[in-house]
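Structure first, commentary second.
The values are calculated or read from the model by the stated rules, or taken from the named source; none is laboratory data. Quick caveat: nothing in here was measured; it's all calculated off a predicted structure. Because the Cβ atoms are built from the backbone with ideal geometry, glycine has one as well, and the counts that use them run over all protein chains shown.
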Amino acid sequence: MFDINKLQNDAIDLLKKLISIKSFSFEEDKTADEIENFLISRRIKCERKANNIISYNKFFDKNKKTILLNSHHDTVEPNSAYTLDPYNPTVSKGKLFGLGSNDAGGALVSLISTFVHFYEKENLNYNFILLASGEEERSGPNGIKSVIPTLPKIDLAIVGEPTLMDIAIAEKGLIVFDLIIKGTSSHAAHPNKNNPIYKAAKLINIISNINFEKKSDLLGDVKLTVTQINAGIQHNVVPSDVNLVLDVRVNDKYSNKEIFNELKKVLDCQIIPRNLELNSSSISTDHRIVNCAKKLKFKTYGSPTLSDQAKISCDSIKLGPGDSLRSHTADEFIFIDEINNGIKKYIKLLEEYSL
């Protein structure tokens, strides 16, 4: 049995080790090793599928309902604006700096410590499964999506992401579209009424003015954002096509397929969805976990960002220390106190839920 101070200190120490290891999506094997060793050193049995680490509470009972505690240990690559070494965990003024500290290292180590707290307890009303997953940042095929079918039935999942320990009871879905605008290639010196770059400019303007009518009280409007554009290789050649990437965040009033069908009607270009499976998700406001959260004075909200919630079909909430606004930013950090308080709040919520 571990007291709360040890759980907190162990979480901080583990996060420092994880920060020091490069763990880009699809390359997170070394952080998987570290998490596996952390559990084994505490005599906690675990198993590994690809770079996913799975552990069941010691007295797992197949006749009881099961709660999944999940977060990811892969990161994005650091951006060029970093002034600090992204792989050197540095503590200054109560902040722990480093790549992945906030997204989602703080939530991950807090959930691991929460799992350790419950691991050896007998006569629990619920089972607990810990899943430290990979490939979340790239929605890869060998992350949580590959593990869920191998697990016992999950009745509730807590997905650890930076939410300021407010509870996301809904989150927007995501569709990434590749748009191809066809034109006519020519020498820049000659007239060309079918320049795909000019056509792309008009298309971007159309996209910026698209409004989907159905608004959500929790998730707001559907949001469309052009995030990439690529065309041409020489200054004196009009290219034959322009490629755009369109990021669409979908509220709970539409399915991803409905959004795709609507965009095909209004966009005069080739439109290719990379994935239509990452739909919005939500949990009933009358669910027991939501009522327990309200009793303990947790705030609830709808999240504009996507997480691994989109890849699981059971009831779930998104909850964790850290602030989503810090995710993917230069000199990423999390407050030490956010982790310490996060562990306490996770445990308190799960104890209340398990009564």
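State the number of residues belonging to the range 268-314 that are outside any loop (DSSP other than H, G, I, E, B) and crowded, with 17+ Cβ neighbours inside 10 Å.
Taking the range 268-314 as the starting set, the residues that turn out to be outside any loop (DSSP other than H, G, I, E, B) are 270-273, 281-282, 288-295, 300-303, 308-311.
With crowded, with 17+ Cβ neighbours inside 10 Å added as a condition, the list becomes 273, 281-282, 289-290, 292-293, 300, 302-303, 308-311.
Here the count works out to 14.
If the requirement is being surrounded by fewer than 14 Cβ atoms within 10 Å (Cβ to Cβ) and assigned by TED's automatic domain parsing to the domain that holds residue 335, which of these qualifies: 22, 62, 16?
Result of the check over 22, 62, 16: 62.
Test each condition in (1) surrounded by 15 or more Cβ atoms within 10 Å (Cβ to Cβ); (2) in contact with a Phe, Trp or Tyr (Cβ under 9 Å, 6 or more places away or on another chain) for residue 42 and report the one that comes out false.
Every condition holds for residue 42 apart from (1).
Hey, can you tell me all the residues within the range 324-355 that are within 21 Å of residue 85 (Cα to Cα) and out of contact with any strand residue (DSSP E or B) (no Cβ under 8 Å at 6 or more places or on another chain)?
325, 327, 328, 329, 330
Give me a count of the residues in the range 315-328 that are touching a residue at least 12 places away in the same chain (Cβ under 8 Å) and either over 26 Å from residue 5 (Cβ atoms) or surrounded by fewer than 21 Cβ atoms within 10 Å (Cβ to Cβ) (or both). Steps first, please.
Residues of the range 315-328 that are touching a residue at least 12 places away in the same chain (Cβ under 8 Å), as a first pass: 315-324, 326-328.
Restricting the remaining residues to those that are either over 26 Å from residue 5 (Cβ atoms) or surrounded by fewer than 21 Cβ atoms within 10 Å (Cβ to Cβ) (or both) gives 315-318, 323-324, 326-328.
Number satisfying all stated conditions: 9.
Listed here are the residues, each with its yes/no results for (1) modelled with pLDDT under 95; (2) among the aliphatic types (A, V, I, L, M).
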{"site": "224", "(1), (2)": "no, yes"}
{"site": "243", "(1), (2)": "no, no"}
{"site": "265", "(1), (2)": "no, no"}
{"site": "313", "(1), (2)": "yes, no"}
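Tally time: how many residues in the range 184-199 are without any contact (Cβ under 8 Å) to a residue 40 or more places away in the chain and in a loop (DSSP other than H, G, I, E, B)? Before you say what the answer is, go through the steps one by one.
In the first step, residues of the range 184-199 are kept if they are without any contact (Cβ under 8 Å) to a residue 40 or more places away in the chain; the result is 190-191, 193-194, 198.
Pick out the ones that are also in a loop (DSSP other than H, G, I, E, B) and you get 190-191, 193-194.
Counting residues in the range 184-199 that are without any contact (Cβ under 8 Å) to a residue 40 or more places away in the chain and in a loop (DSSP other than H, G, I, E, B) gives 4.
Considering (1) over 14 Å from residue 332 (Cβ atoms); (2) out of contact with any Lys or Arg (no Cβ under 7 Å at 6 or more places or on another chain); (3) surrounded by 20 or more Cβ atoms within 10 Å (Cβ to Cβ), say which one residue 75 fails and leave the rest.
That leaves (1) as the condition not met.
Going through the range 336-355 one residue at a time, which ones are surrounded by fewer than 20 Cβ atoms within 10 Å (Cβ to Cβ), modelled with pLDDT of 95 or more and among the hydrophobic types (A, V, I, L, M, F, W, C)?
Passing the criteria: 336, 347.
Given the criterion at pLDDT 95 or above, touching a Cys at 6+ places or on another chain (Cβ under 8 Å) and either in the same structural domain as residue 266 (by TED's automatic domain parsing) or outside any helix (DSSP H, G or I) (or both), identify the matching residue among 169, 154. Quick ask: steps written out before the conclusion?
On the way: 169 fails: touching a Cys at 6+ places or on another chain (Cβ under 8 Å).
Just one listed residue meets the conditions, 154.
Spot the failing condition for residue 123; the list is (1) of a type in the set (S, T, N, Q); (2) surrounded by fewer than 20 Cβ atoms within 10 Å (Cβ to Cβ); (3) modelled with pLDDT of 95 or more, and only one is missed.
(3)
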